[in-house]
Amino acid sequence: MLKYCLAGAIALASVATHAQVAQPTPIAAPVASAAVLRVGTEVPLRLSEELTTKGKQLRVGQRFHLETAEPVVVNGVTVIPAGSPAMGEITDVRNKGMWGKSGHLAGRVLFVTVNGRQIRMSGAFDDKGVTGTAGVVGAIALVPVAGFLMTGTSAKVPAGSIVKSFVDEDVPLSIAATAPPPLAVNATVPVAPLPAK
């Protein structure tokens, strides 16, 4: 009986030893790396609507919509996807007028929104219509009153126009590292045979 008890104890000790060897090595959790979207990073934007002085509807302070034309990538990760919404503001408006005066408009980019966060941007653009000065000079030479009635053209920036803008603040990013593939673990545990009776 003692002989079988000793044999059983040796077999159990052998199983325990083999079981410890076969335990999988714990996989470290992926670590998030710190990165920064730097001031001055270029972000091309596309105007979502037409802006024009025609009809005298445009006002200083009026906001307009844009969207990112291309993704912005930091450390191989897209941090601002293409199509992210952006907002701009009209800073100057001059409507076309008499004596060949052309229309003029100017605007600036305010921010881009990514995952509910507004990222401050800088960038400006302007456009002016064609001045009718040559026509006015010719008209005045022939009929002085005609120059008074001549006007320039309205300023217009069509929808789809690309506006160059830049990140205006450092934005800290937390980019998650990709998890390594799981290790293959041998599920079988070798068992020492029991001694023969």
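Read-outs: derived from the displayed coordinates by stated rules, not from any lab. In this text, all values refer to a predicted model and were calculated from it rather than measured experimentally.
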If the reach is capped at under 14 angstrom between alpha carbons, list the aspartates and glutamates near residue 56, excluding any in the same chain fewer than eight residues apart. 92
Once phi is turned into ³J(HN,Hα) by the Karplus curve 6.51 cos²θ - 1.76 cosθ + 1.60 with θ = phi - 60°, what whole-Hz value does each residue of the stretch 65-81 show in order, with x for glycine and proline? 9, 9, 8, 5, 7, 9, x, 9, 10, 10, 6, x, 10, 6, 9, 10, x
Please list the non-local residues whose amide H lies under 5 Å from the amide H of residue 161, H modeled 1.01 Å from N, same-chain partners needing a gap of 5 or more. 47
Gain upon complete extension [residue 49, residue 36; 0.36 nm per residue less C-alpha separation]: 1.5 nm
